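Values in this text are rule-based calculations from the coordinates and carry no lab data. The structure presented is a predicted model; accordingly, all values stated were derived computationally and were not measured. No Cβ is skipped: glycine too gets one built from the backbone with ideal geometry, and neighbour counts run over all protein chains shown.
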Amino acid sequence: MEPHQSTTPFGRRSLTLAHVASQAAAKARPPEKFAHKWNVFRAICAARAPLGVSERALAVLDALLTFHPETILAGEDLVVFPSNRQLSLRAHGMAPATLRRHLAVLVDAGLIVRRDSPNGKRYARKDGAGDVEIAFGFDLAPLVARADEFEALAEAVRAEERSLKRVRERITICRRDIAKMIVTGIEEGVPTRIAGQGPADWMTIHEMFRAIVGRIPRTATRAELEPVADELALLSSEVLNLLETHVNSQNISANESQTERHIHNSKPNPPIDLEPCLREGRAVDIGSIDQDGRAPQRSQDDEEANAAKIAPTMKTYPLGMVLEACPDIADYAKDRIGSWRDLIATAGLARAALGISADAWREAQETMGTADAAVMIAAILQKGEAIGSPGGYLRALSAKARAKEFSIGPVLMALLRGKLPKVGRTRDAAG
């Protein structure tokens, strides 16, 4: 008489319609169908999210597969019957209660089927020839029956991951392009009013840019990121058009003047005062810049004295630590930030984009030191919309620095931990 296979679990565990469906799918598979167990396992790992299984459950499935002696899953003899103790050892010492919970997850997901014995123990009964007549344990037949489904799910997940990676790369490139083009527009005094278009200014463009970037969630799906990528691509195209139009107008003006050198200055008195913090590797005293934005000529001794005044503050914190805590400042760099001088020069551009006045910037440099003031600009930029008034915030910190109540270390540490206190608790943020 052919032995009867159990369809219900032992003890208080209930039978669900999903369990019945899994058993029916396993029973309906063609007898000649087979699957490579490790290929199926890799597909399940890739598709674990839509299947609803965790990494710990996959570790238990991995352990169960090791108890099947063959690499190929084929035929009717696909029941493995390890004890909980043996299974726990192969699952890297998983606790018994945790093991039972994840076995239930695998059953509910339809990856395995319970074949419980009358007393709930797992074992195999052999015939007189020594062949297994019936086994009680976990049936791996669903892995063979659903192998194609698992592979299709895995490929869909991989395709989604590739699409997500592409849209993230697109956003990264657009962010870099827009940030550097805005800095170029501000520094070169490129006009933003073009024939056929409405008036604008670089601060407005920068605010539009930060508003779009501010909508990017920390963990986002492709569907959430694609509209953001489209907006950034459109803004990048518009900003590039502004720069190209300015370049073309300069070329036309230069061609019209053949007998003398043509000097083009579209904004004699630009509303945004950008101090040339460090030009050609030399320090410039910001306080000595006149109203036209020009720095007076200095002697070599003056340059060396000013560089010596800045140098001590450059060694307080590692530059790498500052850039790790405030990565957004790199978007405003002309090339790359490889030294403290690069950071200070970049901060001079970023503070204008943030709407911080030249007076507030100069006050911060005088009270905190040039390097620490640059670090605070990077920190304010990193916090973005969390700081409603960057200029007022910097002045408040300058006042605390003047009263010897300011320390930049806690600011960097909080940014590294992602727990910088919000505006309104300036004392806590400044230490």
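Once both labels are modelled 7 Å past Cα along the beta-carbon direction, what's the residue 123-residue 359 spacing in nm?
With each label point 7 Å from Cα toward Cβ, the separation is 9.2 nm.
Can you give me the convex hull volume of the Cα atoms of the stretch 163-255, divided per residue and expressed in Å³?
Working: hull volume 9.5 nm³, N = 93.
Cα convex hull per residue, to the nearest whole number: 103 Å³.
Report, to two decimal places, the Cα Rg of the stretch 17-145 normalised by 2.2 N^0.38 Å (N = number of residues).
Details: Rg = 14.1 Å, N = 129, 2.2 N^0.38 = 13.9 Å.
For the stretch 17-145, the normalised Cα radius of gyration is 1.01.
Amide H to amide H under 5 Å from residue 124: which residues, 5+ apart in sequence or cross-chain, H placed 1.01 Å off N in plane?
The list, which skips near neighbours in sequence, is 136.
Can you give the alpha-carbon Rg of the stretch 101-193 over 2.2 N^0.38 Å, where N counts its residues? Before the final figure, lay out each step's value.
Working: Rg = 29.0 Å, N = 93, 2.2 N^0.38 = 12.3 Å.
This ratio for the stretch 101-193 stands at 2.36.
Roughly speaking, what is the stretch gain from residue 407 to residue 249, that is 0.36 nm per residue apart minus the C-alpha to C-alpha distance, in nm to one decimal?
Values: separation 158, 0.36 × 158 = 56.88 nm, distance 4.84 nm.
Using 0.36 nm per residue and subtracting the Cα-Cα distance, I get 52.0 nm.
With a cut-off of 19 Å, note down the residues of the stretch 363-378 whose backbone N falls inside the zone around a label point 7 Å from the Cα of residue 324 toward its beta carbon.
In the stretch 363-378, the label zone of residue 324 (backbone N under 19 Å from the point 7 Å along Cα→Cβ) covers 375-376, 378.
By average Cβ neighbour count within 10 Å, what is the ranking of 69-78, 220-229 from highest down?
Working: 69-78: 13.2, 220-229: 15.3.
Highest-to-lowest ranking by the protection proxy: 220-229, 69-78.
Work out the FRET efficiency for residue 98 and residue 230 from their Cβ-Cβ distance, taking R0 = 45 Å, and round it to the nearest 0.05. Numbers along the way, then the final one.
Working: r = 45 Å, r/R0 = 1.00.
That gives a FRET efficiency of 0.50.
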